[in-house]
1. Tell me, what is a quarter of the convex hull surface for the C-alpha atoms of the stretch 147-193, in nm² with one decimal?
2. Using the Karplus equation 6.51 cos²θ - 1.76 cosθ + 1.60 (θ = phi - 60°), what ³J(HN,Hα) coupling, rounded to whole Hz, does each residue of the stretch 376-384 give in order, writing x for Gly and Pro?
3. Rounded to whole Å and ordered largest first, report the semi-axes of the equivalent ellipsoid of the stretch 94-242 derived from its Cα gyration tensor (root of 5λ).
4. So, with +1 on the Cβ of K and R and -1 on the Cβ of D and E, and no other charges, what is the size of the charge dipole of the stretch 1-109 about its Cα centre, to the nearest 20 debye?
5. Within a Cβ distance under 14 Å of Leu468, other residues only, what is the Lys/Arg minus Asp/Glu net charge?
6. Specify which residue in the list Ser318, Pro331, Cys300 is farthest towards the positive end of the charge dipole of the stretch 270-364, using unit charges on the beta carbon of Lys, Arg (+1) and Asp, Glu (-1), about the Cα centre.
7. Can you compute the label reach from Val99? Point 7 Å from Cα along the Cβ direction, backbone N cut-off under 17 Å, restricted to the stretch 50-69.
8. In whole angstrom, how far apart do the alpha carbon centroids of the stretch 292-331 and the stretch 60-90 sit?
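The values are calculated or read from the model by the stated rules, or taken from the named source; none is laboratory data. Not measured: the values here are computed from a predicted model. Every residue, glycine as well, gets a Cβ built from its backbone with ideal geometry; the counts of neighbours run over all protein chains shown. Side chains are part of the model used for accessible areas, which takes the heavy atoms of the whole protein and leaves out ligands, DNA and RNA. Shrake-Rupley method; radii C 1.70, N 1.55, O 1.52, S 1.80 Å.
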Amino acid sequence: QDLPGQEVGRFLMGAGNTLRWIENDDLRDRMNKIVDVIDECKEPDGYIMAYPKNRIFSGEYGAYTRSWVTHGLIEAGYAGNEKTFQLLRGFYDWFNTSVYLPEMLRRAGQGTQGIIPSTRVYFTPLGKPEDIYVVQQYFQENYWMEQLAKREPEAIWLYPYDRPHNYLITGIEPYLDLYRATGEKKYLDAASGAWELFHDNWEHIGGSIAICEGTDLYPPKSYYLHRSTGELCGSVFWSFFNQRFHLLYPEEEKYVAEIEKSIYNNLIANQVGDKGIRYHSVLVDHKDVNSRQPFAMSTCCEGQGTRMIGALPEFIYSVADDGIYVDLFAPSSITHRTGKGTINLEMVTQFPYDNKVELTVNTDNPIEVKIRIRIPSWATEKMRVKVNGKTIVNGNPGTYITLSRQWKNGDVISFKLPATFRTTQYEGEEKEYIGRFALEYGPILMAYVNTKGEKENLTLKSDRDKLLKNMKPVPGKPLHFSVAGITGFEFMPYFEVQDEPFTCFP
């Protein structure tokens with residue numbers, strides 16, 4: 001009722017992405033029926049939104065809902081529905097000449113989000129130059145791009161229109177599309193500056209975005225823990241933003257490291273079985289604080305969470321003409337056609353519960369390609385990479401190593417990820433947490449949990465070395481640790497915490 005079409009956008013984003021990887025007849029039938037209904041309802045001029053044209057400035061219809069429906073139709077198109085790109089082309093032919101364009105940025109509610117549907121449509125099979133021209137004329141903000149390029153924090157937390165929060169990322173990500181479309185460096189400079197601003201000033205331990213919508217302001221490095229913060233949608237936007245950079249600079253490891261944190265410590269952590277998806281990544285006290293129970297009513301965080309859950313496989317690997325990049329570590333396989341033939345890789349691992357990784361090459365004929373493997377920046381030492389049991393290279397943390405050779409069927413690449421515990425001191429505006437430390441294991445944010453369900457004594461008075469010495473694995477519970485001399489408390493992955501009292505800064 002509040003945002004007509006939003007629910008359709010959410011469903012198509014999740015269904016379309018899921019059907020790219022897993023075939024399911026019922027899900028495909030439902031997806032296709034929804035696209036058919038949109039097709040039946042379209043107007044002669046191509047208009048397809050679920051709200052009347054004259055309500056395009058009502059609330060968040062014109063940017064927020066249009067963005068979701070566009071994402072959804074694009075994902076459904078890549079999942080194999082042949083109607084979606086024609087529907088989008090007809091709609092954007094209408095949109096690109098609509099009388100509403102001069103006021104869309106300021107009157108459409110989160111108008112900056114209105115930029116990304118057009119740039120995404122441009123890169124679909126039926127994209128047109130007009131999709132880019134409209135963005136440049138009506139949505140591009142030159143003064144803001146200059147601020148971002150100069151790394152001025154005011155560009156984020158004091159953005160003067162609408163409400164400054166993580167949705168600004170959706171207005172920045174398309175500048176990378178504009179860079180791809182035009183080659184103009186000013187777009188890349190703005191996006192790069194924005195990346196540094198968010199990373200250095202508005203990112204919690206664990207990777208959630210520390211600036212949210214509402215009446216409160218979030219100054220640089222405020223890192224509030226008890227205000228509304230860490231919206232899941234922000235982590236999704238941040239992941240796709242980093243994916244764009246990774247595809248531009250595939251051997252700069254830092255971008256994949258951000259995606260990895262977002263997946264484990266936010267996306268998975270906010271999924272509550274079949275009950276729904278949590279809105280915030282709350283880091284202290286209780287995950288259901290401020291009545292933020294898991295929702296199933298299509299909030300922004302559910303919608304974007306659904307989109308990213310469906311898209312998860314695309315973050316494990318990336319590809320190039322000469323081979324494959326192994327970016328994340330999960331049981332999976334990939335088949336890739338290169339200029340020199342087809343290669344299949346199968347990855348076997350139980351990471352993060354076990355750090356061993358094994359990649360088996362499957363190919364009909366010997367093939368010369370490059371297999372590049374990420375050495376995570378959280379690794380505490382060089383990573384030894386073996387091929388068929390023989391050490392080939394010791395890779396430095398924060399890099400990619402390249403294995404370039406002629407691969408035969410059955411060749412095996414193996415390594416053990418050098419993950420250990422790391423501590424990070426809290427620095428922010430919550431004075432009671434000054435001097436406290438968070439604990440991470442590799443990319444996994446750990447939580448100190450009162451397993452008795454009592455909200456008390458969620459503080460450990462211990463120096464780091466003594467604490468790590470006194471931590472003991474809990475039998476039968478991977479990545480769970482007790483502390484010698486303390487009963488009723490455990491360290492466990494933050495993504496496993498549900499209803500228990502906890503803190504990530506014990």
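1. Details: hull surface 12.4 nm².
Computing the convex hull of the Cα atoms and averaging its projections yields 3.1 nm².
2. Residue by residue, the stretch 376-384 yields x, 5, 7, 4, 8, 7, 4, 9, 7 Hz.
3. Values: eigenvalues 142, 52, 39 Å².
In descending order the semi-axes read 27, 16, 14 Å.
4. Around 380 debye, computed over the stretch 1-109.
5. Values: positive: Arg422, Arg464, Lys466, Lys469, Lys472; negative: Glu440, Asp463, Asp465.
Local net charge: +2.
6. Cys300
7. Only 52-58 pass the distance filter.
8. Spelled out, the Cα-based centre of one part sits 19 Å from the other.
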